[in-house]
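Scroll down for the structure; my scribbles are underneath it.
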Amino acid sequence: MKNFKTLLFITLMSSFCLTAQNASTKKADKYFARFEFVKAAESYNELVEEGKADTYVYSQLAESYYNIFNTEAAERYYAKALETSDQPEMVYKYAQMLKANGKYAESNTQMDKFATMRPADDRATAFRKNPNYLPKILEQGKKFNVQNSDFNSTQSDFGGTLQDNKLYITSSRNDSRKTYGWNDQPFLDIYTINKNTDGSYQEAELANNKINTRFHEGLVSFSPDGNTMYFSRESYFEKAYEKDSLSSTRYSQLYLFKATKLGDDWDTVESLSVNSQNYSVKNPTVSNDGKTLFFASNQPGGYGDFDIYKAAINEDGTIGEAINLGQKVNTEGQEMFPYISSNNTLYFSSNGHLGLGGLDVFYTKEIDGKMAPIRNVGIPINSNADDFAFIIDEEAAEGYVSSNREGGKGSDDIYEFKKLQPLCDVLISATVLDDKTREPISGASVSLFDDEGNKVVSKTTNEEGIAEFIVECDKDSELEVVMEDFESKKVPVKGTNDEETNVQISLDPIEKIIEAEQVVLSPIYFEFDKSNITAEGAFELDKLVQIMKKYPEMVIKATSHTDQRGSETYNANLSDRRAKTTVQYVISQGIDEARISGEGKGESEPKVDCSNGCTKEQHADNRRSEFLIVTQTAATE
């Protein structure tokens, strides 16, 4: 049934095309029907130059170039054809050519159009599910859009935890409070701000007096069900402090507390067991599963001033033993303001790790019991001032960060941000070598492909044979290397969380693919029941083109073989179409048509006799293309 439907579709398309054919296109159409796409393109182009082009001519030109993988020309003429046509399949192919040429935004626009025209098409539904599948242009620079929040005051405002459409912040805007000698601002309180559906905010309101006291209160975090709030507060409230005997000055610590939700408000505030009169515990954040509490503390046994710790939240709500996150995270400086996001990425602020100045925001992730490399979030999240209290909704790719950078409304301000690009990236350093001499190859073209097979960018190796790329963490990619007089190579690069991965690529001299009486290429794959050249096929055939250009006397006969499944007539016709398209591609790359011929062998010359059955691998062995050397120069013999 599938073959019948395909044939029916081809018949319908042919009927449409026939209505557009005329005497002037007869010659070009004849070439096209014979799969001589190079000559067909030349003939259709003559009509364009004579002013006889119409939608049909442009579409046939596009199809000719599409079949020999001339993506730039195909893109150009699909665009021309679509000025007066609206065929869904043409729109789809136009999108693919745009993508092949690195025009990702334009490709997405066309895919969106295609999906609207054919919403039930599998390609359309796949696009709708993930419209941003096209590779991002990976480069160093700003990955966030940051703006000062409207609700900031002229005092200190920081934090920003969203729960049930209420934003919880910490602020010294309460002028009724006693001022704090450190900055001559009122003591810090916890405020709530209702967030409207349009993204705007209502006026800030003080949390109730079970939460706020006449002393400092700090950042908050919530259990996954939203019924428990963790927050910090000065130990004065617990009457826990030390008094200097000489100055009579009282010194408090910072403690962690939890409050339980009662109706729409908070009640039953309890001190946590991790508190101590001997050190401070602050900046709580709860893991996504509600089983772990992260916080900052300057307790003895740490690596610096404040370190980041974690402790289990037991089923009965009690807190387990504090565990230091270790020297990879904590330094001799200060690590504070931890935030564990929904994907278990740990963000924190530090003045001990290399940064731009003051506290910078960093991030890491625990993988197989080990912390991944610590990375700086970069500008504009970080500045040369203190940047802290980074909180992000990973799904919405937006959040809040606090800073005392220049240009704010108060001493500390809250900034809203939107993540524009993937945050975590890896440097791929590719070194290309001559496999025979082990010397670096300068001037080689190295192309990066993403995990969807989309070409992202191409670079040329420097004098040391090196080309460098930035990719997203944990994303597989592929490098394609092309250099004159060498066999082209593709190398997969496994996704990693490391900051840098080094890839060494050794190229063989192009002559290595010449064996006995044939040029040996990797399999030339075609899509099911199709004969147009794919990107993978073009990559292999370019090796043949390179050999034939180096040895201008070489003459090649290309043969295409199928397995023994399907009818003998069907296999013969399919292999013949594929052999002719293969020849046309080679001719399109500048090889004289007298130097290459093609023949479809169907199932007549199997490598493996399958009369008594074959494995999947044996059938694959029978499906092959061979490139026999009919004439060659002495240099290749």
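Before moving on, here are some points about what is shown:
- Long-range neighbours under 9 Å by Cβ, at least six apart or interchain, first residue more than 16 Å from residue 92 (Cβ to Cβ) within the stretch 54-69, second of a type in the set (S, T, N, Q) and open to solvent by less than 10 Å² (accessible area, probe 1.4 Å): 56/25; 57/25; 60/25; 68/581
- Residues satisfying the stated conditions in the stretch 78-126, i.e. open to solvent by 30 Å² or more (accessible area, probe 1.4 Å), closer than 21 Å to residue 533 by Cβ and not small (Gly, Ala, Ser): 89, 92, 93, 94, 96, 99, 101, 103, 123
- Taking residues in the stretch 607-623 that are in contact (Cβ under 8 Å) with a residue 60 or more places away in the chain, and partners anywhere that are hydroxyl-bearing (Ser, Thr, Tyr) and part of a loop (DSSP other than H, G, I, E, B), the pairs with Cβ atoms closer than 9 Å and at least 6 places apart or on different chains are 622/562; 623/525; 623/562.
- Residue 270 being free of Cβ contacts under 8 Å to residues at least 40 places away in the same chain and open to solvent by less than 90 Å² (accessible area, probe 1.4 Å): yes
- Residue check for residue 218: within 18 Å of residue 190 (Cα to Cα), within 42 Å of the chain's Cα centre (by Cα) and not in a strand (DSSP E or B): no
- Inside the stretch 90-115, residues that are assigned to a helix (DSSP H, G or I), within 18 Å of residue 61 (Cα to Cα) and either touching a residue at least 12 places away in the same chain (Cβ under 8 Å) or among the β-branched types (Val, Ile, Thr) (or both) make up a count of 9.
- Among (1) under 34 Å from the mean Cα position of the chain (by Cα); (2) more than 21 Å from residue 491 (Cα to Cα), the one test that residue 516 misses: (1)
- The single condition from (1) closer than 30 Å to residue 61 by Cβ; (2) open to solvent by 60 Å² or more (accessible area, probe 1.4 Å); (3) not in a loop (DSSP other than H, G, I, E, B) that residue 528 fails is (3).
- Among the criteria (1) in a strand (DSSP E or B); (2) of a type outside the set (Gly, Ala, Ser); (3) open to solvent by 30 Å² or more (accessible area, probe 1.4 Å), the one residue 364 does not fulfil is (3).
- For the stretch 166-187, a residue qualifies if it is open to solvent by 30 Å² or more (accessible area, probe 1.4 Å) and within 41 Å of the chain's Cα centre (by Cα), and exactly one does: 166.
- When residue 491 is tested against (1) in a helix (DSSP H, G or I); (2) open to solvent by less than 40 Å² (accessible area, probe 1.4 Å), exactly one condition is not met: (1).
- Hits in the stretch 567-605 - residues which are under 30 Å from residue 551 (Cα atoms), assigned to a loop (DSSP other than H, G, I, E, B) and either open to solvent by 40 Å² or more (accessible area, probe 1.4 Å) or at pLDDT below 90 (or both): 589, 590, 592, 605
- Scanning the stretch 186-222 for residues that are within 25 Å of residue 241 (Cβ to Cβ) and of a type in the set (A, V, I, L, M) yields 188, 190, 206, 207, 211, 219, 220.
- Filtered residue count, the stretch 368-410, keeping only those that are surrounded by fewer than 15 Cβ atoms within 10 Å (Cβ to Cβ), more than 23 Å from the chain's Cα centre (by Cα) and assigned to a loop (DSSP other than H, G, I, E, B): 4
The values are calculated or read from the model by the stated rules, or taken from the named source; none is laboratory data. From a predicted model like this one, the values you see are computed outputs, not experimental measurements. Reconstructed Cβ throughout: ideal geometry from the backbone, glycine too, with neighbour counts over all protein chains shown. Side chains included, ligands, DNA and RNA excluded: accessible areas come from the protein's heavy atoms. Shrake-Rupley method; radii C 1.70, N 1.55, O 1.52, S 1.80 Å.
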